[in-house]
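All remarks here apply to the structure that follows.
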């Protein structure tokens, strides 16, 4: 089962990212029983998803979106009924997978758990070796114990087994991939000519009053939106972090009180020779592997200095054999129990006897020891100072956020008092439009927030010049603004846009004339009358779709080319005229590139696997009788 997980990592990771990434796991018991039915978000068979779990998942997802989008993140656009329903459905899918995995008695071994943890880059030191101290610190920062973290990871790995097994069902034959490759790689040699609008522009005669009629019917297109210019203040964790000060005594006190966090555990370096045999193998296979291992051990004991050479010749561990069996430095908890006990019981340079684990039989040589040590204060001073400043800023922000919010409301005629109290700068904005498109919000900086803009255009702000409420525009960032200048919405006078309207109408009519002429020419071509001066002969294929516009590519390959020449025509977008194509020759793919076929087969297989997995989840939903309480998705307290 784990082979399928390892061999389909992309599929597995894709599924888990969609349905499981970073959602906080609860105890297994909470998956199969609920408590307060009034707080039920969904029911999956006999299992309940409670409001607390949903809220945690919603906050985790918001944090991920915020970290990915940075300054572009807009909380109000994230907090929608559609987003909440999507998160609830993701929790349901995760629950379905876990319940199904549990019913199938799937699980993750300690060896796999150690392998996964040891491969996490964030838990490795500068030499790429697992660091126990970094591991403990990382888990502690998440507010978890080692046991809780490993239980969570074990649940994830258990679900990966099921996801990987279903992903394996996505099978696409080499023949199907070859057929698709032939379709994509077929080339058609075409000649092209374009009927452009410009030659028809001089023939265009607009009706009297056409410009004014268009202006009256499309007045919104000429509207200058309502605008305001504002001043504003920003209270953020970054502001307070810059103001934070930490004394040497505080740093020393923290260091003395957290000595365990700065202990570097003993690490050992070892090489091994592995003769593999599965734990579930037949007794005869195990005996054969043991005999082979004993034979190699005899060679090692005859000449311990040739351990590396023997490892290269005999070891069946693909990750270390080429390096003479070297596993580098590692700490306790990173290897399976029998292997670890043997390594930490050897003396430097000593070779073990046979050590049996779930992987097979090991012959181990200890090649180095790094004693545990306490990191001195000078080595970790910067880390401690940064942590203490961050904590101080967070405490300060929690203390002053409410005061900031109250002050801008209670002293609503000016931002000066709140700026003075908290040492903030009153900043000035450019003109801000009402209801800008979402893609324009990032360019407005801190004021590019839909809720804050709505407050700026309210009567309180525009007519009475009061401060807006304090709006959280990003995590730990509050902004209050005040209108300095207001410009009502207006419509540009007809005389100022008449020339532009005339040009636009002429261009539009010229494009219609070009299309009409092109369609008439295409009809003649298909009737056997070809008097066109063709140019720009080129070969086009679906794999190289940029030689012609996308609409033209579709028209060329939709055209029946059993009898040549064949003709195609298409109107080009944005008043680009009309394009005519003469298909001169069709060149099928004559030789299949095995690498391209395999790549296409892999991509096609991934698509089929995703469809299979979606169908599998749909089947689980029916079997477990899923019910989602959409009314409970609305957060009760903000």
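Axis of helix 132-141 versus longest Cα principal axis of the chain: the two differ by about 50°, to the nearest ten degrees. Within the set [x] 22.5, 69; [y] 36.6, 125; [z] 34.7, 107, the number that Rg and Dmax of the Cα atoms in Å takes when calculated for this structure is listed as [z].
Quick check on the chain: helices-only [θ] at 222 nm, where DSSP H runs of length 4 and up contribute -39,500 (n - 2.57) each and the sum goes over total residues. Nearest 500, please.
-15500 deg cm²/dmol
Panel order for 260, 115, 126, by other beta carbons found within 10 Å of each beta carbon, from fewest to most: 126, 260, 115.
Counting neighbouring Cβ atoms within 10 Å and putting the fewest first, the residues 125, 283 line up as 283, 125. Separation of region 228-291 from region 539-562 is 54 Å, based on Cα centroids.
Residues 84, 623 in ascending order of nearby Cβ atoms (within 10 Å, fewest first): 623, 84. Name the shape class, rounded, prolate or oblate, that the alpha-carbon gyration tensor gives for region 351-475, where a ≥ b ≥ c are the square roots of its eigenvalues, rounded holds for a/c under 1.5, and otherwise prolate holds if a/b is larger than b/c and oblate otherwise. In terms of gyration-tensor shape, prolate.
The separation of region 468-483 from region 308-333, counted between C-alpha centres, amounts to 58 Å. Here the convex hull built on the C-alpha positions of region 266-371 has a volume of 87 cubic angstrom per residue. What angle, in degrees between 0 and 90 and rounded to the nearest 10, separates the Cα long axis of helix 248-257 from the longest principal axis of the Cα atoms of the chain? Here the helix axis deviates by roughly 50 degrees. Angle of helix 594-624 to the longest C-alpha principal axis of the chain, folded into 0 to 90 degrees and rounded to 10: 80°.
Just so you know, all these numbers are worked out from the coordinates, no wet-lab data involved. Computed from a predicted model, the values in this text were never measured in an experiment. Reconstructed Cβ throughout: ideal geometry from the backbone, glycine too, with neighbour counts over all protein chains shown.
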